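Enquirer: Before we start, here is the structure in question, set down as structure tokens.
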Amino acid sequence: MAAMEYNAGNIVVLEGLEAVRLRPGMYIGTTGAKGLHHILWEIVDNSMDEAANGYATHVGVVIHQDNSVSVTDNGRGIPVDINKKHKKSGVELVFTVLHAGGKFDNNEYKFSGGLHGVGASVTNALSKWLNVNIYRDGLEYRIEFHSPKSGKKIKSGIIKTPLTQIGRTKKKGTTVSFMPDSEVFGDEIISFDTVKNRLRELAFLNKNITLTVEDKRVLGDDGKPKKFEFCYKGGLIDFVNYVNEAKTKQSNKIIYLEGGTDNFELQVAIQYTQHYGENIISYVNNIPTTDGGTHETGFKSALTKALNEYARKNNLLKAKDTNVIGEDYRDGMTAIISVKMQNIQFEGQTKSKLGNPEVKGIVESILSERLDLYLNESRNKDIATLIVKAGVNASKVREAERQAKDAQRKKNAMTGSVLVGKFSACTGRNTSINEIFIVEGDSAGGSTRQGRDRSFQAVLPLRGKPLNAEKKQKAQIIQNEEIRTIVYALGTDYDRDFNIADLKYDKVIILADADQDGAHIRAILLTFFYRYMRQLVTEGHVYIGMPPLYKIEKKGSVKYAYDDKELEKMTADLKGGYTLQRYKGLGEMNAEQLWETTLNPRRRSLLRVTIEDAAEADLIISTLMGDDVEMRRNFIFENANFNKVDLFAKKLGG
Ligand code: TTJ
């Protein structure tokens, strides 16, 4: 009987992992870079759970030369004893039962971090091999897996070497090493920067835990593997400092508030800067909620109420004044919100919005109480007054801007469109396929206009450089001719009046040269879109066009290379006898060549601009475009060029 049960159970397990192999997308979203990193986060999250609950102090990631990865913690070690119900060791269950993860013992951790809880078995299923070493009670254990191959009959199982005690040890903890399967992920490999950024974020969110990442594929200047270590005693306070590093502050003070109940924890850190707009970065169980949700709504509502109450009580708002609206109290604010809770529900297309309706009230009630205490403490009087005054002021500025904008509208109506003579619209009306090219320079603009397919491609040449949105007041920005033309052409309006439903194009494509000037124009435009039309970016409408860098001609046949790697391959294939032209700019191509290489959807290469990491995006933009010259110089020096902003971009296809 027992044997039967074991076999039956075994088959279910294998079918589970086989299902993951057959449809990886169902479990990790994509088999591109994001999915590949997802299977690493599944492992890291387990170690973070152990650390966040006080059992481990260190979590480390090592990327090996062969592109395999190890994750190590110094926690209690995954259980090795036999689970009575399943008749298997704890570790075997973790890696072979779908959705089990570290959560096979439901009551082990109060809050479980991590992505979507598909668990470590998914990592196992999508790895060529996966090995676990466990250091526990003075003994070292090891178990080795290799994954079922899709399309082939499953034989005895996926365990290569069963759980074995292999020696004695003084260490404690767990190490999991695995090789992402190239049959699933192609030639996608783990990115050091992606790991580094995520571990830094985790270190901010979980104070006093040390996170390390080491890349054995790359040697640093000292001849040793690249390595970073993150550990923050200040948690969210350090996080705000990091995000605001390049910004001019209203006050150096950071407001830190926390509170909660048995099964809900809230932490908030706030600082006011002199920069335009608000920057709220929020998390639930360490998962970024880029689209906000009920925790953010609760936060905003508590903040507005508390500040208005304070304003009335201290006569900063007079009886005749109306309340200041929330948006005005958040102008210049950086806030980081982290909640930990059970049974999270995510909403929205990208599942990055917290949906639990009860959370709004919970956050609101915790924060109202804490904020009230904070604001009324005598030593906080200066900051409380400063914030309220800034809010009152922002509301006056907003009113003045509205009037200026109305006046501008009337002026536009009288003088006709600002676009006359510059902009070439497309003839088709289908906004779901139409494209607009924003092109650097009049001459390139001219070739683009002649080369395009006018049925769906519009062209807007830029004469001068648009204003850097990071450095200017809002009112100045819309005075700028280039910016005004863009806003008008897109049809969406901007800032608080922005409405994505009015967007006239599916793709907004920035077309600039592959040089410093071009990079600068790209950065300026991306900054404007990011600050004033954010949805345009988050919903994936912004692209960077990629003109070729080289033209290779042999016996009348022409080929184009878009980067040096491609050029190397092409010239090697041709084995001599060719002529090579390096394009210095868009202007060197005639209309026909431009169509062939850069405009034609069948042939061209586009980068789609994405924002996965809002904190990083904000920091890069404020550093590159902000007013701290010294920081900018260091940043550009460290990152070798001005193109870091282009790192937001992901190549399409391939
Ligand atoms: C579970 O309850 C008993 C004590 O240990 C708990 C546990 O699971 N600890 C644990 C799991 N520490 N580290 C892990 C772990 C580490 C890695 C790298 C990967 C996985 C799947 C789990």
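Enquirer: Taking interchain pairs and intrachain pairs at least six residues apart, which have beta carbon atoms under 8 angstrom, with the first residue in region 290-302 and over 16 Å from E327 (Cα atoms) and the second among the β-branched types (V, I, T) and assigned to a helix (DSSP H, G or I)?
Expert: T290/T538; D291/T538; G293/V359; T294/V359; T294/V363; H295/V359; H295/V363
Enquirer: OK, next. Can you tell me which condition P24 does not meet? The list is (1) in contact with a Ser or Thr (Cβ under 7 Å, 6 or more places away or on another chain); (2) within 14 Å of the ligand (Cβ to nearest atom), and all the others hold.
Expert: (2)
Enquirer: Can I ask one more? Go through region 32-79 and report how many residues are of a type in the set (V, I, T), more than 10 Å from the ligand (Cβ to nearest atom) and outside any helix (DSSP H, G or I).
Expert: Result for region 32-79: 4.
Enquirer: I want to confirm something. Restricting to region 190-206 and keeping residues that are part of a loop (DSSP other than H, G, I, E, B) and surrounded by 17 or more Cβ atoms within 10 Å (Cβ to Cβ), which single residue is nearest to the chain's Cα centre (by Cα)?
Expert: This residue is I190.
Enquirer: Continuing with this model, one more query. Kindly indicate the residue of region 305-334 that is in a loop (DSSP other than H, G, I, E, B) and basic (K, R) and also nearest to G361 (Cα to Cα) among those meeting that condition.
Expert: In this case the residue turns out to be R330.
Enquirer: Another one. Filter region 95-119 for residues that are within 12 Å of E50 (Cβ to Cβ) and either modelled with pLDDT of 70 or more or more than 11 Å from the ligand (Cβ to nearest atom) (or both) and give the result.
Expert: Those that are within 12 Å of E50 (Cβ to Cβ) and either modelled with pLDDT of 70 or more or more than 11 Å from the ligand (Cβ to nearest atom) (or both): E108, Y109, S112, G113.
Enquirer: For region 240-250, check the following and say yes or no: at least one residue is in contact (Cβ under 8 Å) with a residue 24 or more places away in the chain, assigned by TED's automatic domain parsing to the domain that holds G90 and hydroxyl-bearing (S, T, Y).
Expert: Among the residues of region 240-250, not one is in contact (Cβ under 8 Å) with a residue 24 or more places away in the chain, assigned by TED's automatic domain parsing to the domain that holds G90 and hydroxyl-bearing (S, T, Y), which makes the answer no.
Enquirer: Okay, moving on. Of the residues in region 253-304, how many are closer than 23 Å to D49 by Cβ and assigned to a loop (DSSP other than H, G, I, E, B)?
Expert: So the answer is 6.
Enquirer: Also: Suppose the filter is surrounded by 19 or more Cβ atoms within 10 Å (Cβ to Cβ), over 30 Å from L93 (Cβ atoms) and acidic (D, E); does D187 pass it?
Expert: No, not satisfied.
Enquirer: Would you check if I362 is touching a strand residue (DSSP E or B) at 6+ places or on another chain (Cβ under 8 Å), surrounded by 16 or more Cβ atoms within 10 Å (Cβ to Cβ), more than 27 Å from T261 (Cβ to Cβ) and in contact (Cβ under 8 Å) with a residue 60 or more places away in the chain?
Expert: The answer is no for I362.
Enquirer: I'm trying to understand the selection: among the residues of region 503-519, which are at pLDDT below 85 and among the charged types (D, E, K, R)?
Expert: Residues satisfying the conditions are D515, D517.
Enquirer: Okay, next question. Taking region 490-519 on its own, how many of its residues are surrounded by 15 or more Cβ atoms within 10 Å (Cβ to Cβ), at negative phi and not in a helix (DSSP H, G or I)?
Expert: Looking only at that region, the number is 15.
Enquirer: With (1) over 22 Å from G260 (Cα atoms); (2) free of Cβ contacts under 8 Å to residues at least 40 places away in the same chain as the list, and E347 as the residue in question, which single condition is left unmet?
Expert: (2)
Enquirer: Still on this structure: Can you tell me which residue is modelled with the highest pLDDT among those in region 159-172 that are within 16 Å of the ligand (Cβ to nearest atom) and closer than 17 Å to S89 by Cβ?
Expert: Here the answer is L163.
Enquirer: Is it the case that some residue within region 520-532 is outside any helix (DSSP H, G or I), at pLDDT 85 or above and among the hydroxyl-bearing types (S, T, Y)?
Expert: No, there is no match, as no residue in region 520-532 is outside any helix (DSSP H, G or I), at pLDDT 85 or above and among the hydroxyl-bearing types (S, T, Y).
Enquirer: So G348 ticks every box in (1) crowded, with 20+ Cβ neighbours inside 10 Å; (2) modelled with pLDDT under 95; (3) not aromatic (F, W, Y) but one. Which box is left unticked?
Expert: (1)
The values are calculated or read from the model by the stated rules, or taken from the named source; none is laboratory data. Here the structure is a predicted model, which means the values were calculated and not measured. A quick note on method: Cβ atoms are made from the backbone with ideal geometry, for glycine too, and the neighbour counts reach across all protein chains shown.
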